[in-house]
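Take a look at the structure below.
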Amino acid sequence: MCSPGEAPPGPAPAGDLPPEWETDDERMAFLFSAFKQSREVNSTEWDSKMAFWVGLVLARGRRRGAVRTCLRELQNGFERRGSVPLGLGTVLRELLRRGKLQRESDFMASVDSSWISWGVGVFILKPLKWTLSSVLGDSKIPEEEEVLIYVELLQEKAEEVYRLYQNSALSSHPVVALSELRSLCAGLCPDERTFYLLLLQLQKEKRVTILEQNGEKIVKFARGLHAKVSPMNDVDIGVYQLMQSEQLLSQKVESLSQEAEKCKEDARSACRAGKKQLALRCLKSKRRTERRIEELHSKLDAVQGILDRIYASQTDQMVFNAYQAGVGALKLSMKDVTVERAENLVDQIQEV
């Protein structure tokens, strides 16, 4: 069964339906009947019925905010007194012809085939469906469960994703973890499949590019509303690794700060209990931890200084220069990143 997923399918609320839906049985009987095989039989009636359903189908998608639908979902949504519209298949075929709808398989085929490298299992389609779609085109009435996309709504929501990113803290640098972007877009993309469709649309518009590195996907955005994204390169990956290192070092500093505070409290408790030796051991442990914090702060400052220069860069060339000046010896692997690896990275930077 098709699973558009953005909102639970069901009958349209009464307020979203035209007045005659409940009051004019004769009119509705005509609208629920099948289309004549040829429009030429009675073009006025054919056009009237088509205009009615085209408007209702597009309005339903926009009301639900759903970029995906299928014939069965629409039949369920427009059920009236136990009957479903018999001409909806013809309506969808007409919307496909007009470019208002697009088969999901055709949309994905129109995007650079590199989407396969994302490892997104939800997009693996049977080859037969690709073949049928490409051979028969939009002249075929969609199957009941064949997923269709509202073209304009997909474009609009993709634009929302782009603007949401641009207005977020993540936009300080054009490279971001796919998982972080997914969290940012949770309110806009209620399901993972919609999220990937919006990213594919942005990729089609050459506003993002995606790379999978050691099992982790990272996204690069174009630097500007009307710019085209440049290919992902070693510098982009290196900057992302630096950002990871900053996060790891910050977390470690926070953890050690809590540990030092605990040692301080333990020393006080030992003094009150008259356990001087235990109190001395706690104080020594506190001093060791504080020295460790100072060391990590120094390394963290070095990473943040490099990132600050990179964030201030306005072009890819400026980013490259800032990166090369600070991290020419970058060797940190994105896989199994540890605080020790992050520290080693900073040591290499300082040598450079």
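General remarks:
- The range 150-221, accessible area per residue, ligands and nucleic acids excluded (1.4 Å, Å²): 38 Å²
- Residues whose placed amide H lies under 5 Å from that of Gln213, excluding near-sequence neighbours: Ile218
- Rg(Cα)/(2.2 N^0.38 Å) for the range 19-125, N = residue count: 1.29
- Taking all protein chains as they are arranged and a probe of 1.4 Å, the heavy atoms of Asp266 leave approximately 60 Å² accessible to solvent.
- Loop-located GluC sites (Glu not before Pro) in the range 184-221 (DSSP state other than H, G, I, E, B) with a sparse environment of at most 15 neighbouring Cβ atoms within 10 Å are absent.
- Label-point separation, Asp25 to Arg39 (7 Å along Cα→Cβ), nm: 3.3 nm
- Here the simple spin-label model places points 7 Å from the Cα toward Cβ, and for Glu145 and Glu216 these points are separated by 3.8 nm.
- Shape call, the range 163-220: gyration tensor on alpha carbons, a/c limit 1.5: rounded
- Atom-type composition of the exposed protein surface of the range 150-221 places 45 percent of the accessible area on carbon and sulfur (1.4 angstrom probe).
- Extension gain, Arg309 to Leu188, is 40.3 nm, computed as 0.36 nm per intervening residue step minus the present C-alpha separation.
- Contour excess over end-to-end distance, with Cα ends at Glu160 and Gln317 and 0.36 nm allotted per residue: 53.7 nm
- As a fraction of the 1.4 Å probe accessible area of the range 19-125, surface on carbon and sulfur atoms comes out at 49 percent.
The values are calculated or read from the model by the stated rules, or taken from the named source; none is laboratory data. Just so you know, these numbers come straight off a predicted model, no measurement behind them. Note: ideal-geometry Cβ built from the backbone for every residue, glycine included; neighbour counts use all protein chains shown. Just the protein is used for accessible areas: all its heavy atoms, side chains included, with ligands, DNA and RNA removed. Shrake-Rupley method; radii C 1.70, N 1.55, O 1.52, S 1.80 Å.
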